[in-house]
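Contents: one structure, followed by commentary.
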Amino acid sequence: MRQLEVENQLRDVVSRIVVQVELATAQGRTDINLALEDAFIPILKSVFNLPHLINLNRKQKNFPGIDLGDDHDRVAFQVTSTIGLEKVKFTIGQFMSRSYYNTFDELYVLMLGKKQASYSQSAVNALLTEDFSFNCAKHIIDLSDILRMVTGLRLTAQERVLSELKHILGEVDAFISMRSETVEAPTAITTNLQEIRLPEAVYVAELTIDDKAVIAQAKAELNYKGYAKSRRSVVKMALLLNDVSTDAWVCYNNKLFSFTDIEASGLISIVDEGTIERLEISDLADSDEPDNVNILKQLMWAETRQMLKARNVRSHPKDGFFFFVPGEDGQELRKEAWVGKASATRTVYVVKYQKKDPDKIAHHQHLSFDLTFSNLGGTWFSQIVPSWYYSYDGFKRSNWHDKLLSKQKRLELNLSVRNAVRFVAYFLSNTSSEEGLDEAPLSFGTLLEFDVGDEVDDDLDEGDVSIADYDDDATDEGMAA
């Protein structure tokens, strides 16, 4: 069941990326590939088994001819939104004239749009010498080819690639939003990018826990009955055994990272005190190592998760999105006040009953949102993608989630989505002060806007979003039982 669900999501996300890229290209914004070079690295690493793949433009700005390369396994990629033969010929011409074949044995041209049905091999052969070969049928690829390769991976790898593709889709949407021009242009364009203030430092220390001992103790004292699925699970149990409940940390290579001073917090209970080190935030943010930047992004997500727990917003354990839950036991309708152009309220959680049997719960509907983090021009932003989550018990995913979400999406207009983004941004920016967390290391600012004129007509519905009143009996009684 999960395998089929992941494959369906992969197809959907890939098709949406292709449509958005082709839209951007049709509008003359062919530089979209520059915004996505780094984003494709983890995907290409997985499907081509290239652990040493890097962005060559990080080594040399505007690295001529090719974008990504693994000089260990000798494979290079050109990432482009242009799908014509001339782009292929230009790339190969650069590759040959600069003798890149001395470093790379294979060159792939990855087209972000849908590639042509065929390309002239003879035209390409005219550019080649005996030192290098290029097969148009094999080496010109697009996202549908990537999708076929992904379906050959194990489920866990597919889920990782799906997560990366969702991030790419978000970056494509953000790119288009930031570059959009219309005939009747508004005077201000509001994006879904919210500025973030980072702390000055990150703290790191070596973990000292014995995994087997922690699991055994957790079984005895925490009523833990299973086996830890990850090192993070073991670290979490070790903290709970020391009466520490925070989630604002990341473990990597037997090290614990946190925005909070480890020495002054409960985190010290599971680390070697003598290894505690204070790093400047720039040591991670400006690092050339993707792992260091990823640690920082994971820390931002973990800190956000911890902050939102106090306001009854949970993170999905598998898919990582956030969703609103009841503010108190037995609550069947939760509304949150917010201020846009005016004071308003928004429904963020509601219990829906069956129409045919009003005493039975059909499902729980939660406002949800994805957060991803990006560094744009030296400033960090969170990218907000709002949606809805449907559960059968207030937490676990409903069997009818996809059907219900599809219906809800058909009811929503662009203005509804924009207002949802603005609401989530308001909620995040006020989270620190709401629960006495004014000293929280992470804070959310305002949404990024672009001024494009005089005064914008912003007569939008600030209030409650429409929640569909579905006339069906889709329930999860069997699953709940």
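The values are calculated or read from the model by the stated rules, or taken from the named source; none is laboratory data. It should be emphasised that the depicted structure is a prediction, and the values quoted were computed from it without experimental measurement. Every residue, glycine as well, gets a Cβ built from its backbone with ideal geometry; the counts of neighbours run over all protein chains shown. Accessible surface is based on the protein model in full, side chains and every heavy atom, while ligands, DNA and RNA are left aside. Shrake-Rupley method; radii C 1.70, N 1.55, O 1.52, S 1.80 Å.
Give the residues of the stretch 370-390 that are among the small types (Gly, Ala, Ser) and under 21 Å from Val325 (Cα atoms), sorted by residue number. Talk me through it step by step, then tell me what you get.
Initial filter on the stretch 370-390 (among the small types (Gly, Ala, Ser)): 374, 377-378, 382, 387.
Correct list: Ser387 only.
Looking at Leu267, is it assigned to a helix (DSSP H, G or I) and within 24 Å of the chain's Cα centre (by Cα)?
Values: assigned to a helix (DSSP H, G or I): yes; within 24 Å of the chain's Cα centre (by Cα): no.
No: the conditions fail for Leu267.
Regarding Arg148, is this residue closer than 23 Å to Val18 by Cβ and either within 26 Å of the chain's Cα centre (by Cα) or of a type outside the set (Lys, Arg) (or both)?
So Arg148 fits the description; yes.
What pairs can you find where one residue is in the stretch 78-107 and over 19 Å from Ala123 (Cα atoms), the other is basic (Lys, Arg) and surrounded by fewer than 20 Cβ atoms within 10 Å (Cβ to Cβ), and their Cβ atoms are less than 7 Å apart, with a gap of 6+ or different chains?
Thr80/Lys87; Thr103/Arg74; Phe104/Arg74; Asp105/Arg74
Hey, does the stretch 344-359 have a residue that's among the aliphatic types (A, V, I, L, M) and open to solvent by 50 Å² or more (accessible area, probe 1.4 Å)? Explain how you work it out, then say what you get.
Quick first cut of the stretch 344-359, residues among the aliphatic types (A, V, I, L, M) only: 344, 348, 350-351.
Subset that is open to solvent by 50 Å² or more (accessible area, probe 1.4 Å): none.
Taking every residue of the stretch 344-359 in turn, none turns out to be among the aliphatic types (A, V, I, L, M) and open to solvent by 50 Å² or more (accessible area, probe 1.4 Å).
Could you tell me whether the stretch 313-326 includes any residue that is among the polar types (S, T, N, Q), in a helix (DSSP H, G or I) and either free of Cβ contacts under 8 Å to residues at least 40 places away in the same chain or touching a His at 6+ places or on another chain (Cβ under 9 Å) (or both)? Lay out the reasoning, then the answer.
Initial filter on the stretch 313-326 (among the polar types (S, T, N, Q)): 315.
Those left that are additionally in a helix (DSSP H, G or I): none.
The answer is no; no qualifying residue exists.
Restricting attention to the stretch 292-349, and to residues there that are in contact with a Gly (Cβ under 6 Å, 6 or more places away or on another chain) and modelled with pLDDT of 95 or more, which single residue is nearest to Val385 (Cα to Cα)? Before the answer, list the steps.
In the first step, residues of the stretch 292-349 are kept if they are in contact with a Gly (Cβ under 6 Å, 6 or more places away or on another chain); the result is 312, 334, 344.
Of the ones still in play, those that are also modelled with pLDDT of 95 or more are 312, 334.
Details: Asn312: 19, Arg334: 21 Å.
Checking each candidate, the answer is Asn312.
Mind telling me which of the residues Ser258, Ser245 ends up being surrounded by 14 or more Cβ atoms within 10 Å (Cβ to Cβ) and not acidic (Asp, Glu)?
Step by step, each of Ser258, Ser245 is checked, and only Ser258 is surrounded by 14 or more Cβ atoms within 10 Å (Cβ to Cβ) and not acidic (Asp, Glu).
Is it fair to say Thr82 is open to solvent by 40 Å² or more (accessible area, probe 1.4 Å), at negative phi and within 28 Å of the chain's Cα centre (by Cα)?
yes
I need the full set of residues from the stretch 199-237 which are assigned to a helix (DSSP H, G or I), surrounded by 15 or more Cβ atoms within 10 Å (Cβ to Cβ) and more than 28 Å from the chain's Cα centre (by Cα), in order please.
Asp211, Val214, Ile215, Gln217, Ala218
Can His72 be described as in contact with a strand residue (DSSP E or B) (Cβ under 6 Å, 6 or more places away or on another chain) and of a type outside the set (Asp, Glu)?
No, not satisfied.
Keeping to the stretch 79-104, report how many residues are farther than 20 Å from Asp142 by Cα and either modelled with pLDDT under 90 or of a type outside the set (A, V, I, L, M, F, W, C) (or both).
Looking only at the stretch 79-104, we keep the residues that are farther than 20 Å from Asp142 by Cα, and these are 93-94, 96-104.
Narrowing the set further to residues that are either modelled with pLDDT under 90 or of a type outside the set (A, V, I, L, M, F, W, C) (or both) leaves 93-94, 97-103.
Looking only at that region, the number is 9.
Of all residues in the stretch 197-216, which are farther than 23 Å from Gly274 by Cα and in contact with a strand residue (DSSP E or B) (Cβ under 9 Å, 6 or more places away or on another chain)?
The answer is Arg197, Leu198.
Let me spell it out: the conditions are (1) open to solvent by 50 Å² or more (accessible area, probe 1.4 Å); (2) part of a helix (DSSP H, G or I); (3) of a type in the set (Val, Ile, Thr), and Val293 meets all of them except one. Which number is the exception?
Only one criterion is unmet by Val293, namely (1).
I'd like to know if the stretch 101-114 contains one or more residues that are touching an Asp or Glu at 6+ places or on another chain (Cβ under 6 Å), open to solvent by less than 60 Å² (accessible area, probe 1.4 Å) and in a helix (DSSP H, G or I).
Scanning the stretch 101-114 turns up at least one residue that is touching an Asp or Glu at 6+ places or on another chain (Cβ under 6 Å), open to solvent by less than 60 Å² (accessible area, probe 1.4 Å) and in a helix (DSSP H, G or I).
Name the residue, out of Arg58, Arg74, that is at pLDDT 90 or above and either under 31 Å from the mean Cα position of the chain (by Cα) or of a type in the set (Val, Ile, Thr) (or both).
The conditions single out Arg74.
Quick one: in the stretch 360-378, of everything that is of a type outside the set (A, V, I, L, M, F, W, C) and either buried (at least 23 other Cβ atoms within 10 Å of the Cβ) or at pLDDT 90 or above (or both), which residue is farthest from Leu415 (Cα to Cα)?
Result: Lys360.
Select from the stretch 297-324 the residues that are of a type in the set (A, V, I, L, M) and crowded, with 17+ Cβ neighbours inside 10 Å and write down the one among them that is farthest from Thr379 (Cα to Cα).
Restricting attention to the stretch 297-324, the residues satisfying the condition of being of a type in the set (A, V, I, L, M) are 299-300, 302, 307-308, 310, 313.
Remaining after also requiring crowded, with 17+ Cβ neighbours inside 10 Å: 299-300, 302, 307-308, 313.
Numbers: Leu299: 16, Met300: 14, Ala302: 19, Met307: 21, Leu308: 23, Val313: 26 Å.
Among residues in the stretch 297-324 that are of a type in the set (A, V, I, L, M) and crowded, with 17+ Cβ neighbours inside 10 Å, the one farthest from Thr379 (Cα to Cα) is Val313.
Restrict the check to the stretch 25-44 and report whether at least one residue is at pLDDT 90 or above and under 29 Å from Leu10 (Cβ atoms).
Within the stretch 25-44, one or more residues are at pLDDT 90 or above and under 29 Å from Leu10 (Cβ atoms).
Being surrounded by 17 or more Cβ atoms within 10 Å (Cβ to Cβ), of a type outside the set (Phe, Trp, Tyr), under 25 Å from Ser163 (Cβ atoms) and modelled with pLDDT of 90 or more is the requirement here; does Leu53 meet it?
Working: surrounded by 17 or more Cβ atoms within 10 Å (Cβ to Cβ): yes; of a type outside the set (Phe, Trp, Tyr): yes; under 25 Å from Ser163 (Cβ atoms): yes; modelled with pLDDT of 90 or more: yes.
Yes; evaluated as a whole, the condition is true for this residue.
Within the stretch 386-401, can one find any residue that is in a helix (DSSP H, G or I) and open to solvent by 50 Å² or more (accessible area, probe 1.4 Å)?
Checked against the condition, which is being in a helix (DSSP H, G or I) and open to solvent by 50 Å² or more (accessible area, probe 1.4 Å), the stretch 386-401 yields no hits at all.
When both residues are 6+ apart or on different chains and their Cβ atoms are under 7 Å apart, which pairs have a first residue that lies in the stretch 135-161 and is more than 18 Å from Leu112 (Cα to Cα) and in a helix (DSSP H, G or I), and a second that is open to solvent by less than 60 Å² (accessible area, probe 1.4 Å) and β-branched (Val, Ile, Thr)?
Pairs found: Leu155/Val6; Gln158/Val6; Gln158/Val150; Glu159/Val6.
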